[in-house]
Amino acid sequence: MKKLKNFERIQEIQRQIVWPSIAESETRVFIPECLRSALKRQPCERLLENPVRQLLHESAIQLLEVTTNVVNAVKPVDMHLILFDDILLITKVKKQPKKKAVGGSDNSPYRSTSSSTEGVTPLVVHRQPIAVDRFTLHDLSSDASSDPTQQLSGTCPRNAFAIVQITRFQQIVAIYTFQCPSAESKATWLKKLHECQEEYKKVTVKATAATPPLTNSRNSQEIDETNNTSPNCEASARTATHPSFNRRHQHRRIYCSHGRYPSFNQFSKQPRN
(Lines give C-alpha, C1' and ligand atoms only; values in the text may rest on other atoms or scores of the structure.)
Protein backbone atom coordinates (compact mmCIF):
# COMPACT_ATOMS: atom_id res chain seq x y z
CA MET A 1 0.00 0.00 0.00
CA LYS A 2 2.83 2.38 0.84
CA LYS A 3 4.54 1.74 -2.50
CA LEU A 4 1.27 2.29 -4.33
CA LYS A 5 0.68 5.64 -2.63
CA ASN A 6 4.27 6.63 -3.36
CA PHE A 7 3.83 5.77 -7.04
CA GLU A 8 0.53 7.63 -7.30
CA ARG A 9 2.01 10.75 -5.67
CA ILE A 10 4.99 10.70 -8.06
CA GLN A 11 2.61 10.46 -11.00
CA GLU A 12 0.68 13.42 -9.62
CA ILE A 13 3.90 15.41 -9.27
CA GLN A 14 4.77 14.48 -12.85
CA ARG A 15 1.51 16.08 -13.97
CA GLN A 16 2.23 19.18 -11.88
CA ILE A 17 5.83 19.72 -12.96
CA VAL A 18 6.53 22.39 -15.58
CA TRP A 19 9.99 22.41 -17.18
CA PRO A 20 10.86 25.85 -18.59
CA SER A 21 12.71 25.84 -21.89
CA ILE A 22 16.25 27.18 -22.13
CA ALA A 23 14.93 30.41 -23.66
CA GLU A 24 12.58 30.91 -20.69
CA SER A 25 15.06 30.03 -17.94
CA GLU A 26 18.08 31.78 -19.48
CA THR A 27 16.74 34.99 -20.93
CA ARG A 28 20.16 36.45 -21.74
CA VAL A 29 21.45 33.61 -23.90
CA PHE A 30 21.50 33.93 -27.68
CA ILE A 31 19.71 31.09 -29.47
CA PRO A 32 20.11 30.81 -33.25
CA GLU A 33 16.83 30.96 -35.09
CA CYS A 34 17.41 27.54 -36.66
CA LEU A 35 17.50 25.95 -33.17
CA ARG A 36 14.54 27.68 -31.55
CA SER A 37 11.95 25.13 -32.64
CA ALA A 38 14.12 22.22 -31.45
CA LEU A 39 14.75 23.83 -28.07
CA LYS A 40 11.16 24.74 -27.23
CA ARG A 41 10.75 21.77 -24.92
CA GLN A 42 13.01 20.04 -22.43
CA PRO A 43 14.07 16.42 -23.04
CA CYS A 44 13.69 15.74 -19.30
CA GLU A 45 9.93 16.32 -19.18
CA ARG A 46 9.34 12.64 -18.34
CA LEU A 47 12.18 12.40 -15.86
CA LEU A 48 9.97 11.44 -12.92
CA GLU A 49 8.25 8.52 -14.65
CA ASN A 50 10.85 6.04 -13.42
CA PRO A 51 8.81 3.31 -11.65
CA VAL A 52 11.56 2.57 -9.10
CA ARG A 53 12.03 6.18 -7.98
CA GLN A 54 10.93 6.88 -4.42
CA LEU A 55 9.52 10.07 -2.94
CA LEU A 56 11.11 10.69 0.45
CA HIS A 57 9.86 14.12 1.53
CA GLU A 58 8.23 17.30 0.25
CA SER A 59 6.93 20.50 1.77
CA ALA A 60 6.50 24.21 1.26
CA ILE A 61 9.64 26.18 2.10
CA GLN A 62 11.14 29.61 1.55
CA LEU A 63 14.22 30.27 -0.54
CA LEU A 64 16.20 33.33 0.56
CA GLU A 65 17.35 35.51 -2.31
CA VAL A 66 19.10 38.86 -2.55
CA THR A 67 17.05 41.67 -4.07
CA THR A 68 18.55 43.64 -6.93
CA ASN A 69 17.08 47.04 -6.14
CA VAL A 70 18.22 47.21 -2.51
CA VAL A 71 21.79 46.54 -1.42
CA ASN A 72 22.20 43.59 1.02
CA ALA A 73 18.44 43.12 1.21
CA VAL A 74 17.15 39.55 1.47
CA LYS A 75 13.67 38.46 0.53
CA PRO A 76 12.02 35.06 1.03
CA VAL A 77 10.51 33.38 -2.02
CA ASP A 78 7.87 30.69 -1.58
CA MET A 79 9.04 27.37 -2.96
CA HIS A 80 8.04 23.72 -2.92
CA LEU A 81 10.96 21.41 -2.19
CA ILE A 82 10.74 17.78 -3.31
CA LEU A 83 13.24 15.12 -2.29
CA PHE A 84 13.48 11.84 -4.19
CA ASP A 85 15.87 9.01 -3.49
CA ASP A 86 18.27 10.27 -6.19
CA ILE A 87 17.50 13.93 -6.88
CA LEU A 88 16.38 17.09 -5.11
CA LEU A 89 13.89 19.21 -7.01
CA ILE A 90 13.38 22.91 -6.28
CA THR A 91 10.07 24.12 -7.66
CA LYS A 92 8.01 27.27 -7.48
CA VAL A 93 4.21 27.35 -7.35
CA LYS A 94 3.01 28.84 -10.60
CA LYS A 95 0.71 31.82 -10.32
CA GLN A 96 -2.57 31.41 -12.10
CA PRO A 97 -2.53 33.40 -15.36
CA LYS A 98 -5.04 36.12 -15.96
CA LYS A 99 -8.02 35.39 -18.16
CA LYS A 100 -7.14 36.04 -21.74
CA ALA A 101 -9.31 38.23 -23.91
CA VAL A 102 -11.70 36.72 -26.40
CA GLY A 103 -9.78 35.78 -29.51
CA GLY A 104 -6.47 36.39 -27.77
CA SER A 105 -3.64 33.96 -27.19
CA ASP A 106 -2.07 32.68 -24.02
CA ASN A 107 1.39 34.22 -23.86
CA SER A 108 2.31 32.67 -20.54
CA PRO A 109 6.06 31.92 -20.43
CA TYR A 110 5.45 28.53 -18.83
CA ARG A 111 3.52 25.70 -20.37
CA SER A 112 2.49 22.53 -18.60
CA THR A 113 4.04 19.28 -19.81
CA SER A 114 0.84 17.27 -19.38
CA SER A 115 -2.45 17.55 -21.19
CA SER A 116 -4.53 16.64 -18.13
CA THR A 117 -3.60 19.45 -15.75
CA GLU A 118 -7.05 20.85 -14.97
CA GLY A 119 -7.43 21.34 -11.24
CA VAL A 120 -3.71 20.66 -10.66
CA THR A 121 -1.42 23.35 -9.25
CA PRO A 122 1.58 23.66 -11.61
CA LEU A 123 5.05 23.52 -10.07
CA VAL A 124 7.66 25.32 -12.17
CA VAL A 125 11.17 23.91 -11.85
CA HIS A 126 13.27 26.74 -10.39
CA ARG A 127 16.71 25.36 -11.26
CA GLN A 128 18.07 22.13 -12.63
CA PRO A 129 17.57 19.02 -10.46
CA ILE A 130 20.35 18.41 -7.95
CA ALA A 131 21.74 14.90 -7.61
CA VAL A 132 21.85 13.83 -3.96
CA ASP A 133 25.58 13.10 -4.24
CA ARG A 134 26.35 16.52 -5.69
CA PHE A 135 25.66 18.84 -2.78
CA THR A 136 26.83 19.48 0.76
CA LEU A 137 24.39 20.17 3.58
CA HIS A 138 24.96 22.97 6.12
CA ASP A 139 22.91 23.56 9.25
CA LEU A 140 22.55 27.28 9.95
CA SER A 141 21.82 28.48 13.47
CA SER A 142 20.79 31.94 14.61
CA ASP A 143 19.90 33.71 17.84
CA ALA A 144 17.50 36.03 16.09
CA SER A 145 14.09 36.67 17.59
CA SER A 146 10.76 35.58 16.16
CA ASP A 147 10.41 38.87 14.25
CA PRO A 148 10.73 38.03 10.52
CA THR A 149 12.52 41.29 9.77
CA GLN A 150 15.15 40.53 12.39
CA GLN A 151 15.45 36.96 11.19
CA LEU A 152 16.40 38.09 7.71
CA SER A 153 18.76 40.83 8.90
CA GLY A 154 21.32 38.43 10.38
CA THR A 155 23.88 36.36 8.52
CA CYS A 156 22.28 33.12 9.72
CA PRO A 157 18.49 33.25 9.56
CA ARG A 158 16.35 31.33 12.00
CA ASN A 159 15.33 27.75 11.14
CA ALA A 160 17.48 27.80 8.02
CA PHE A 161 19.87 25.45 6.26
CA ALA A 162 21.99 25.78 3.13
CA ILE A 163 22.69 23.47 0.22
CA VAL A 164 25.91 23.99 -1.76
CA GLN A 165 25.82 22.39 -5.19
CA ILE A 166 29.11 20.95 -6.46
CA THR A 167 29.79 19.42 -9.87
CA ARG A 168 31.79 16.26 -10.43
CA PHE A 169 34.73 18.53 -11.19
CA GLN A 170 34.50 19.86 -7.61
CA GLN A 171 33.29 23.28 -8.77
CA ILE A 172 30.73 25.14 -6.67
CA VAL A 173 28.02 26.28 -9.06
CA ALA A 174 25.15 27.28 -6.74
CA ILE A 175 24.11 27.79 -3.14
CA TYR A 176 20.54 27.67 -1.85
CA THR A 177 19.57 28.97 1.57
CA PHE A 178 16.21 27.64 2.73
CA GLN A 179 14.17 28.86 5.68
CA CYS A 180 11.68 26.48 7.26
CA PRO A 181 8.46 27.58 8.97
CA SER A 182 9.44 25.85 12.23
CA ALA A 183 12.31 24.12 14.00
CA GLU A 184 10.54 20.77 13.60
CA SER A 185 10.31 21.25 9.85
CA LYS A 186 13.98 22.11 9.67
CA ALA A 187 14.97 19.06 11.72
CA THR A 188 12.88 16.84 9.43
CA TRP A 189 14.52 18.21 6.33
CA LEU A 190 18.02 17.82 7.73
CA LYS A 191 17.29 14.26 8.76
CA LYS A 192 15.74 13.28 5.42
CA LEU A 193 18.54 14.87 3.38
CA HIS A 194 21.26 13.25 5.48
CA GLU A 195 19.62 9.81 5.37
CA CYS A 196 19.09 10.11 1.63
CA GLN A 197 22.75 10.88 0.98
CA GLU A 198 23.94 8.04 3.23
CA GLU A 199 21.62 5.52 1.56
CA TYR A 200 22.69 6.68 -1.88
CA LYS A 201 26.34 6.14 -0.91
CA LYS A 202 25.59 2.60 0.23
CA VAL A 203 23.76 1.77 -3.00
CA THR A 204 26.60 3.25 -5.08
CA VAL A 205 29.27 1.31 -3.20
CA LYS A 206 27.27 -1.92 -3.51
CA ALA A 207 26.78 -1.39 -7.24
CA THR A 208 30.47 -0.64 -7.71
CA ALA A 209 31.47 -3.77 -5.82
CA ALA A 210 29.14 -5.90 -7.95
CA THR A 211 30.67 -4.61 -11.19
CA PRO A 212 33.39 -6.99 -12.45
CA PRO A 213 36.77 -5.31 -12.88
CA LEU A 214 38.23 -4.80 -16.31
CA THR A 215 40.68 -7.60 -17.08
CA ASN A 216 44.00 -6.96 -18.74
CA SER A 217 44.35 -8.50 -22.18
CA ARG A 218 47.64 -9.99 -21.08
CA ASN A 219 46.03 -11.70 -18.11
CA SER A 220 43.44 -13.28 -20.37
CA GLN A 221 46.22 -15.06 -22.29
CA GLU A 222 47.23 -17.38 -19.45
CA ILE A 223 49.04 -20.56 -20.38
CA ASP A 224 47.27 -23.86 -20.23
CA GLU A 225 49.59 -25.79 -17.90
CA THR A 226 48.16 -29.14 -18.97
CA ASN A 227 48.87 -28.77 -22.67
CA ASN A 228 51.75 -26.37 -22.15
CA THR A 229 50.28 -24.20 -24.87
CA SER A 230 48.79 -20.77 -24.96
CA PRO A 231 45.74 -19.51 -26.92
CA ASN A 232 48.03 -17.66 -29.31
CA CYS A 233 49.98 -20.86 -29.96
CA GLU A 234 46.80 -22.66 -30.98
CA ALA A 235 45.67 -19.72 -33.09
CA SER A 236 49.03 -19.51 -34.87
CA ALA A 237 49.00 -23.25 -35.50
CA ARG A 238 45.56 -23.02 -37.12
CA THR A 239 46.73 -20.09 -39.21
CA ALA A 240 49.85 -21.90 -40.31
CA THR A 241 47.86 -24.90 -41.56
CA HIS A 242 45.44 -22.80 -43.63
CA PRO A 243 45.92 -23.41 -47.39
CA SER A 244 46.14 -19.72 -48.27
CA PHE A 245 48.75 -19.22 -45.58
CA ASN A 246 50.85 -22.10 -46.90
CA ARG A 247 50.73 -20.73 -50.44
CA ARG A 248 51.96 -17.32 -49.33
CA HIS A 249 54.61 -18.68 -46.99
CA GLN A 250 55.93 -21.75 -48.77
CA HIS A 251 59.51 -20.68 -48.21
CA ARG A 252 59.00 -20.08 -44.47
CA ARG A 253 58.28 -22.25 -41.44
CA ILE A 254 56.50 -20.54 -38.57
CA TYR A 255 56.94 -21.91 -35.11
CA CYS A 256 55.74 -20.98 -31.66
CA SER A 257 57.97 -21.31 -28.63
CA HIS A 258 55.17 -22.13 -26.12
CA GLY A 259 56.08 -19.00 -24.21
CA ARG A 260 53.75 -16.63 -22.41
CA TYR A 261 53.56 -14.33 -25.40
CA PRO A 262 54.57 -16.21 -28.57
CA SER A 263 56.21 -14.19 -31.29
CA PHE A 264 54.89 -14.23 -34.82
CA ASN A 265 58.10 -12.71 -36.21
CA GLN A 266 60.27 -15.73 -35.53
CA PHE A 267 60.81 -17.50 -38.81
CA SER A 268 63.44 -19.94 -40.04
CA LYS A 269 64.16 -20.58 -43.66
CA GLN A 270 63.54 -24.03 -44.99
CA PRO A 271 66.51 -25.70 -46.70
CA ARG A 272 66.38 -25.31 -50.46
CA ASN A 273 66.27 -28.46 -52.53
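The values are calculated or read from the model by the stated rules, or taken from the named source; none is laboratory data. This one's a predicted model, so the numbers in the text were calculated from it and none came from an experiment. Glycine gets a Cβ as well: all are built from the backbone with ideal geometry, and neighbour counts include every protein chain shown. Just the protein is used for accessible areas: all its heavy atoms, side chains included, with ligands, DNA and RNA removed. Shrake-Rupley method; radii C 1.70, N 1.55, O 1.52, S 1.80 Å.
Quick notes on this structure:
- The GluC sites (Glu not before Pro) of the range 1-101 that DSSP puts in a loop, and whose beta carbon has at most 13 other beta carbons within 10 Å, are E26.
- Amide proton proximity set for V18, modelled H, under 5 Å, gap of 5+: L123, V124, V125
- The gain in end-to-end length when the A131 to I166 segment is fully stretched comes to 11.6 nm, 0.36 nm per residue minus the alpha carbon separation.
- For the range 1-56, the per residue solvent-accessible surface stands at 75 Å², with DNA, RNA and ligands left out and a 1.4 Å probe.
- Taking a ≥ b ≥ c as the square roots of the eigenvalues of the Cα gyration tensor, an a/c ratio of 1.5 or more together with a/b no larger than b/c marks the range 1-89 as oblate.
- Net charge of neighbours whose Cβ lies under 9 Å from the Cβ of L83, counting Lys and Arg as +1 and Asp and Glu as -1: -1
- Between T68 and A174, full extension at 0.36 nm per residue minus the direct alpha carbon distance yields a gain of 36.4 nm.
- Accessible surface, 1.4 Å probe, highest first, among residues Y200, Y176: Y200, Y176
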